[in-house]
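Read-outs: derived from the displayed coordinates by stated rules, not from any lab. As the structure is a prediction and not an experimental result, all values here were calculated from the model. Ideal geometry is used to build each Cβ from the backbone, glycine not excepted, and the neighbour counts take in all protein chains shown.
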Amino acid sequence: MNCTPDTLVDEVSAALDDSVEHLDARTLARLSHARRTALAQKVERPWRAWLGAAACASMLVVLVWPQPQTVSTINTAVLESDLELLEDLDMLTWLSAQKLLKDGTS
Amino acid sequence: MPQSDAIKRSPAQQAALNRFLGEVERRAFRMAEIATRNPDEALDVVQDAMLVLVRNYGDRSEADWRPLFHRILQSRINDWYRRRAVRAKVLVVRQWFGGGDGDELPDPIDTAPAPRGEPGEEVDNQRSGAAIIAALKTLPRRQQQAFMLRAWEGLDVAATAHAMGCSEGSVKTHYFRATRALQRQLEVFRP
């Protein structure tokens, strides 16, 4: 008997059809259980979680984000602190000079 | 933690899904069982495919379910092969470094093909169809997939290529080789 592709396909299909018709009861029960599980599952909507997380993150950013400072404000603050430091240095220099003078005279 | 909602479908849609899965589950199991050669693994593969179809595509039209289900099923079978290959590599590495005692490797006697028995018995098996399924199990994975999707499920070349995630040319090649291999195997015992 010559096995042409058509007869081969028919034969294999018949064998496979026959095999699924005679599945054991345990396998059928497990397949049925798998189907029920699939149909009863809860759908996850991760986009909702992402949406919530994005909203929280946005609020946090708005609250924590430092207020914008202008260049002049920053410069003023730096200059003021520098002047205070220079004044402190002048004071210390003057005090040292006074001390030296006092030591020299005595 | 992702929020979950019960799937809200009409009873008719739920019944249609149930009917569809009931129609395809046995054949899907047989395909997975031939691929994995293990009924328990095959059931896991089929259940995974059902879960994904219902969760992600249950709202699609009924006409879409069949090609989608086959695509998911074949993808799950491919995943199973990948996981098995990784496990095998890990076991080899563990053995190489003396971490395993070799008990976890499959016993070659268990994994060997079933004995052929007497020639007369073989012809009987062939007629009963068991030999045909045994021959299918010997095919490489992609040839198995192409042959069963084309010949048994009746998908055309384009639908088979979609299910397998490959080109139509690859499907034709796999199908041709599968047919030749099966012809060779099954003709040996033909009267």
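Evaluating 6.51 cos²θ - 1.76 cosθ + 1.60 at θ = phi - 60° for every residue in region B:130-143, the Karplus couplings come out as 4, 5, 5, 5, 4, 5, 4, 5, 7, 6, x, 3, 5, 5 Hz, glycine and proline recorded as x.
Per-residue Cβ neighbour counts within 10 Å put A:30, B:60 in the sequence B:60, A:30, beginning with the fewest. With neighbour counts taken as other beta-carbon atoms within 10 Å, the residues B:176, B:69 rank, fewest first, as B:176, B:69.
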